[in-house]
Amino acid sequence: MLNTNAVTTPPLAIAAPRDLCTDCGVSRTADAKRCGQACQFIKPDYAAMETRVHGRARDLLRPDEMHFGPFRRMLRASLAPPIAGAQWTGIATRIAERLLETNAVDAVLTMAPDPDDAWRPVPVIVTKAEGMAQCRGMRMGYAPLLALLEPARAAGYKKLAVIGIPCQVYALRALEAQLGLEKLYVIGTPCSDNTTTERFHHFLELVAAQVRTDAANISYLEFRADYHVELRFADGRKAQAIPFLQLPISQLPPDFFPLTCRTCVDYTNVLADITVGYMGGEGGQWLLVRNERGEQLMNLLGNEVNTFEPRSAGKRRGPVKGFLANTLRAAGGLPLRRMPDWLRPIVGWLMPRVGPRGLEFARARVEMKAVESIVHLRREQPARMKSMVPPHVWHLVEPYGLKPEEDEHA
Ligand SMILES: Cc1cc2nc3c(=O)[nH]c(=O)nc-3n(C[C@H](O)[C@H](O)[C@H](O)COP(=O)(O)OP(=O)(O)OC[C@H]3O[C@@H](n4cnc5c(N)ncnc54)[C@H](O)[C@@H]3O)c2cc1C
Ligand code: SF4
Ligand code: SF4
């Protein structure tokens, strides 16, 4: 049961049918037509939105803004002590708790696990700091977070924080001026390779079989920056790390990832006030403080957080080129060039030591995502290339020989 005096789950309207949609919740609001102006998958305008939210668009000449969007500072960070049950050290949860503890907001909109399926996200309104304990950790899938905006306003909440993934945050920012809020803080996480919770369960079954357990025994899963997936188990057995190369990815159907998640163009949540991820964190967390509100959110953590300068090592060009070659083959229906089984453990051992690390790992992942978006959209919905691919994405893929065709320019 999710409803307590700290956490509520209002009943939500049915989603309107939409092509290319991650059900962010806008189609369930009273004015479902606003999808036309809010949706990341229709005609996003990142430069205008970045300017509206941060006071300026990303500066392609400033180090790393082409990849990660506008930011004031970037940090490696860890909460000390970490929050038990959090996905990493719990920075996202702690920021939200501090906002509620200090009455800086009336409510936080975020996701809790479904009581019947801990991997399924359920949108919730949290009004007391202790309610955030129910929300920590990652669920796989997407759920209509923004459908909570109307019930939250109806309950009289005018100062809100939202924790969301990029496709939710884009729509939130597009509608922000119409919401009548006094205050809005946006805590964003990066997001990539998401799929529906149903499909994720299929992957979980395959992984569980590989490590000889039941899927129900896997309580935690994360793709780490050291090229391993970490698994934790409900029965208390020791956590296990599997090299990416040994995952059962080739056994997944070609449409395992929906077209939305293969073609979205904002990996790092560029419209959040603060992005809380792990990609550039080398085993810790990775923060991008993007504007003055992001600084306020950092200040709320005080000395509960240890911060360090980000570092960078290795070279991304080779791995991204290899990824492009495999993406082209897969999109063309050809089997992936598979590494011989005897080589996998060796390469799995080498990658964390010689592959791109720290910020170079994050840049590599952002470039891979950009490459993937172009290859899949061009193949499956070419008419959308012109409106859906923003100019900075073309800059990201240029070194790999991908260029806009005549009718693909924004
Ligand atoms: C599908 C998905 C893919 C991700 N991929 C990456 C990635 O490639 N690189 C990277 O750096 N980071 C990624 N993240 C973010 C990362 O997993 C952590 O959430 C982030 O680092 C914050 O860690 P934390 O310990 O501070 O979070 P916590 O304190 O544990 O808080 C996590 C917050 O995220 C919310 N949340 C959980 N699941 C969902 C969901 N499905 N949709 C929306 N909100 C949710 C929770 O409600 C909670 O408020 C991804 C997150 C998701 C949901
Ligand atoms: S993702 Fe959101 S804005 Fe886009 S079509 Fe779906 S409900 Fe509408
Ligand atoms: S991968 Fe992209 S489209 Fe899919 S849920 Fe994440 S942000 Fe949304």
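The values are calculated or read from the model by the stated rules, or taken from the named source; none is laboratory data. These figures come from a predicted structure and were not determined experimentally. Ideal geometry is used to build each Cβ from the backbone, glycine not excepted, and the neighbour counts take in all protein chains shown.
A few points about this structure:
- Contact annotation: residue pairs with Cβ atoms under 6 Å, 6 or more positions apart or on different chains, pairing a residue in the stretch 262-288 that is at positive phi with a partner that is of a type outside the set (Lys, Arg), are Asn269/Pro166; Asn269/Val169; Asn269/Gly188; Asn269/Pro190; Asn269/Thr275; Glu282/Gly358.
- Only one entry in Leu149, Leu181 is without any contact (Cβ under 8 Å) to a residue 60 or more places away in the chain and either over 16 Å from the mean Cα position of the chain (by Cα) or outside the structural domain of Ala47 (by TED's automatic domain parsing) (or both), namely Leu181.
- Criterion (part of a loop (DSSP other than H, G, I, E, B) and not assigned by TED's automatic domain parsing to the domain that holds His54) met by exactly one of Asp266, Asp226: Asp226
- Members of the stretch 233-275 that are away from ligand 1 (no atom under 16 Å from the Cβ) and among the acidic types (Asp, Glu): Asp235, Asp255
- Candidate set: the stretch 186-207, residues that are more than 19 Å from Met279 (Cα to Cα) and within 13 Å of ligand 1 (Cβ to nearest atom); chosen: the one surrounded by the most Cβ atoms within 10 Å (Cβ to Cβ): Val186
- Test: residue in the stretch 362-373 that is modelled with pLDDT of 90 or more, farther than 15 Å from Trp394 by Cβ and not in a helix (DSSP H, G or I): no
- Of all residues in the stretch 12-68, those that are in a loop (DSSP other than H, G, I, E, B) and either assigned by TED's automatic domain parsing to the domain that holds Ala410 or near ligand 2 (Cβ under 10 Å from one of its atoms) (or both) total 16.
- Residue within the stretch 207-215 that is within 16 Å of ligand 2 (Cβ to nearest atom) and either farther than 20 Å from Lys369 by Cα or of a type in the set (S, T, N, Q) (or both) present: no
- If you go through the stretch 95-127 and keep only what is charged (D, E, K, R) and touching a Lys or Arg at 6+ places or on another chain (Cβ under 8 Å), you end up with Asp106, Asp114, Arg120.
- Residue match in the stretch 233-249 (condition: among the charged types (D, E, K, R), more than 18 Å from Thr197 (Cβ to Cβ) and within 16 Å of ligand 2 (Cβ to nearest atom)): no
- Within the stretch 240-255, the set of residues being polar (S, T, N, Q) and farther than 13 Å from Phe223 by Cα comprises Ser250, Gln251.
- Odd one out for Arg139, checked against (1) under 20 Å from Ile83 (Cβ atoms); (2) more than 12 Å from ligand 1 (Cβ to nearest atom); (3) charged (D, E, K, R): (2)
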